[in-house]
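Values in this text are rule-based calculations from the coordinates and carry no lab data. Remember, predicted model here, so these are calculated numbers, not experimental data. Ideal geometry is used to build each Cβ from the backbone, glycine not excepted, and the neighbour counts take in all protein chains shown.
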């Protein structure tokens, strides 16, 4: 059973960490690094029919200024939409933002829009 997909992008390079475990916590495959762009990987996993009980998205700050917030919204919407499509029914999405200019209300609204597009609650 595939329990976790943990995707984290660090600076320019992308590190995607897959932690595959049974639901009882027994690790099947730990710390597998994949050298690919996260915006390329997530659609490929979706096309392959991959589904996870838990998907954790921890991208870097998508904006470093208030002026770039509109682009950040687009990035957060896209990564969360893709991540939600990988969550099994009854599963969980954990998502993060460390963008100082991405206010909590705007981030929550962006996640809700992604959920609507992904047909998730």
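Some points to look at:
- Residue separation of residue 92 and residue 61 scaled by 0.36 nm, minus their Cα-Cα distance, works out to 8.9 nm of gained length.
- Distance between modelled label sites at residue 69 and residue 50, nm, 7 Å Cα→Cβ extension: 3.3
- Label-to-label distance for residue 104 and residue 119 is 3.3 nm, based on points extended 7 Å past Cα in the beta-carbon direction.
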